[in-house]
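The values are calculated or read from the model by the stated rules, or taken from the named source; none is laboratory data. In this text, all values refer to a predicted model and were calculated from it rather than measured experimentally. So basically every Cβ, Gly included, is an ideal-geometry build from the backbone, and we count neighbours across all protein chains shown.
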Amino acid sequence: MARVEYAEVSKRFPTQDREAVDHLSLDIADGEFLVLVGPSGCGKTTALRMLAGLEYPDRGDILIDGRSVIRLEPKDRDVALVFQSYALYPHMSVRDNIQYPLRVRQLSAAERLSKVEQVADLLGIRHLLPRRPAQLSGGEQQRVALARAIVREPRVFLMDEPLSNLDAKLRTHTRTELKALQKQLGVTTIFVTHDQAEAMTMGDRIAVLDAGRLQQLGTPDNVYQRPANLFVAQFIGSPPMNIVDARRDGEALVLTGGWRVDAPRGVAGSDGIKVGLRPEAIDLERAPAFGAQPAEVLVSEPLGSEVIVNVKLGDVLLKVRTGPDVRPDPGTRVFLRARPDGVRVFDASSGAALN
Amino acid sequence: MTTRAASQVARTATAPRGASWIETLAAHIVFVLVVVFFLVPFVWLFTSAFDADAVAYIRLPAQPTLNNFVRIFTEHDFARAMANSVLVAGSTMVLDVVAVSLAGYSLSRLDWRFKSSITYAVLLLQTMPLSATMVPIYGLARALGLRNSYAGLILIHAAIELPFLIWLMKNFFDNVPRYLEEAAWLDGRSKLRALVEVVLPVARNGIGVVAGLSFLAAWAEVLMMIILIDSQDLKTVPLAFYETLRTQGGYVEVQYGLVAAMGVLYALPVMALFLVTRRMMVRGLVASSRGL
């Protein structure tokens, strides 16, 4: 168990024209579950691999429990990494895979046996112990990889998209299990994913990266409700936040299509701004009402527990989240109202949030 | 329209089969001829080895006998030659496997200056005909006292095959996923131990191919044996063979029965080796051709 710090870490690969990781600073508390999330090529895996010792930073420092680890070999860092492809040793049985790190630490056979069985029971894979990795399903391989990481009781768990090779149903199930397991073990965990839903559901905090730079660090709620910039606003959330060009008119913001919404307090910008509205920050009404903006329904997408109604406002397409019983037909005229606390304003050129 | 198209497809599909039975027959005749062409020497070898007075053409032994085999062991010290060959080829194999594993790994995985130039230089070495370097090798071997020694035979045979085998093994290592080795490092292993415990076992088909090819090369090589050995004690099978074949300028008659008996015993060990390891060899060679 340990505290992990990235201090102004940068790394550029010789074949690339920009930094893969650019001045990354993070402070991860002991026992925390931190998710690094971003699109592919954003530097999240590189950041993880630098902590594991598989890549070397050009600048900056990485510390575990206050001690710099960048000069240590991977074997001396006491961190365990679960690879996207699981990296099970194909020539060893599941039992030998799991006890490999214990063998390295020269534990006695009896100790190894008891630890392997303990962790196999924890993950429900005792019956797989005599098999070879090739005889296992993807989900089973994933558990074995997890068992191999857990059995050695490392200071930090690193996970590089460990769920991305599982089918959708198993992925959701494993997500829950993994989070519960991490809380039970209390080991500091850094989890890399490109899936924002995974990030939102699993992380104590999430760090959003893009083009090597940290865009925002915060709790899932914080990042979702108050995205620091347009990138985060559109990357986190499904469907993503609606972003509409706007201009200021006194106390109101006028969105493309003529929709007037009240400007949130303390927003300074006047020109070149964009307004962000989460799909659930828009109320959809059937009857005209004062201040409600008329719009036309393009299509409704029922999802069982909710319906995403796509409406056209001028030439802008907005997605509105409604209850399961609201299913207006295409072409229906509806009226939109923005929730005052859901209006986010961004600077159009820098993308930074203004409120 | 659709039916016509379908019937056209059907006609095209059956065309090669129905084209003509003459073509099929011709193809089979060619196959048979080729097979016969390659089998004839073996047929001669096996019939002559058991023939008391074998001749230079194929005929069934009038009275099958094992006498040729008895004579090569009693009169020509063939046991010694076999032992020497096994020792030289076996040691060459071990040395090559160790050297090639390390060199192939380095070219495949490690980063160092001039790596790509050196990688291609290694390949260039392979294009050099052995007969062109025969004289300097002889000179070197003499200067270093490596003539008429097992060490000399083993070192030189191991070296001859190195460039090709290094390339082959580099290719096998290229196909071992990097993350397996990284997992071993993170599990606490040093780079060398991870190579031995994870990378080599995963690349075992490659090791098998390298071992098989280096054994075979050293087993079958003649030229270097001739220029490096003139001691009777160090004589290997190719030399015993060569001696038996020599006609001393026409003064001695070639004893075909003995030559054939030696040939059979010379071929059997490598054929047995191939049969035992064939699955590994085929898998390995297929894998390497996919990578190259």
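Here is the figure for the stretch B:55-74: residues that are within 20 Å of B:Pro238 (Cα to Cα) and in contact (Cβ under 8 Å) with a residue 40 or more places away in the chain total 5.
Quick one: is B:Met169 assigned to a helix (DSSP H, G or I), crowded, with 23+ Cβ neighbours inside 10 Å, over 14 Å from the mean Cα position of the chain (by Cα) and away from chain A (no Cβ under 14 Å)? Yes, satisfied. Of the residues that make up the stretch B:230-249, is at least one among the polar types (S, T, N, Q), under 30 Å from A:Ile98 (Cα atoms) and not in a helix (DSSP H, G or I)? For the stretch B:230-249, residues among the polar types (S, T, N, Q), under 30 Å from A:Ile98 (Cα atoms) and not in a helix (DSSP H, G or I): absent.
Identify, please: which residue in the stretch A:17-48 is outside any strand (DSSP E or B) and among the β-branched types (Val, Ile, Thr) and is, among those, nearest to A:Met202 (Cα to Cα)? The selected residue is A:Thr45. Residues that are at pLDDT below 90 and not in a strand (DSSP E or B) were ranked within the stretch A:311-324; the one that is surrounded by the fewest Cβ atoms within 10 Å (Cβ to Cβ) is A:Asp315. Scanning the stretch A:47-76 for residues that are within 14 Å of chain B (Cβ to nearest Cβ) and in contact with a Pro (Cβ under 9 Å, 6 or more places away or on another chain) yields A:Met50, A:Ala52, A:Gly53, A:Leu54. Tallying residues that are surrounded by fewer than 20 Cβ atoms within 10 Å (Cβ to Cβ) and within 12 Å of chain A (Cβ to nearest Cβ) within the stretch B:172-181 yields 3. Total residues in the stretch A:77-98 satisfying the condition of being within 10 Å of chain B (Cβ to nearest Cβ), of a type in the set (S, T, N, Q) and more than 24 Å from the chain's Cα centre (by Cα): the figure is 1.
Here is a yes/no grid of residues against (1) touching a Lys or Arg at 6+ places or on another chain (Cβ under 9 Å); (2) in a helix (DSSP H, G or I); (3) surrounded by fewer than 19 Cβ atoms within 10 Å (Cβ to Cβ):
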site: B:Glu197; (1), (2), (3): yes, yes, no
site: B:Leu213; (1), (2), (3): no, yes, no
site: B:Leu216; (1), (2), (3): no, yes, yes
site: B:Trp219; (1), (2), (3): no, yes, no
site: B:Met224; (1), (2), (3): no, yes, no
site: B:Ile227; (1), (2), (3): yes, yes, yes
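Entry remark, the stretch A:167-214: residues being surrounded by fewer than 16 Cβ atoms within 10 Å (Cβ to Cβ) and of a type in the set (Asp, Glu) number 2 in total. The one condition from (1) in contact (Cβ under 8 Å) with a residue 12 or more places away in the chain; (2) more than 19 Å from B:Met224 (Cα to Cα); (3) within 22 Å of the chain's Cα centre (by Cα) that B:Ala81 does not meet is (2).
Which of the residues that make up the stretch B:182-195 are surrounded by fewer than 22 Cβ atoms within 10 Å (Cβ to Cβ) and either within 7 Å of chain A (Cβ to nearest Cβ) or within 13 Å of A:Leu88 (Cα to Cα) (or both)? Across the stretch B:182-195, the qualifying residues are B:Glu182, B:Ser190.
The set of residues in the stretch B:138-161 that are surrounded by fewer than 20 Cβ atoms within 10 Å (Cβ to Cβ) and either assigned to a helix (DSSP H, G or I) or out of contact with any helix residue (DSSP H, G or I) (no Cβ under 7 Å at 6 or more places or on another chain) (or both) comprises B:Tyr138, B:Gly139, B:Leu140, B:Arg142, B:Ala143, B:Leu144, B:Gly145, B:Ser149, B:Tyr150, B:Ala151, B:Leu155, B:Ala159.
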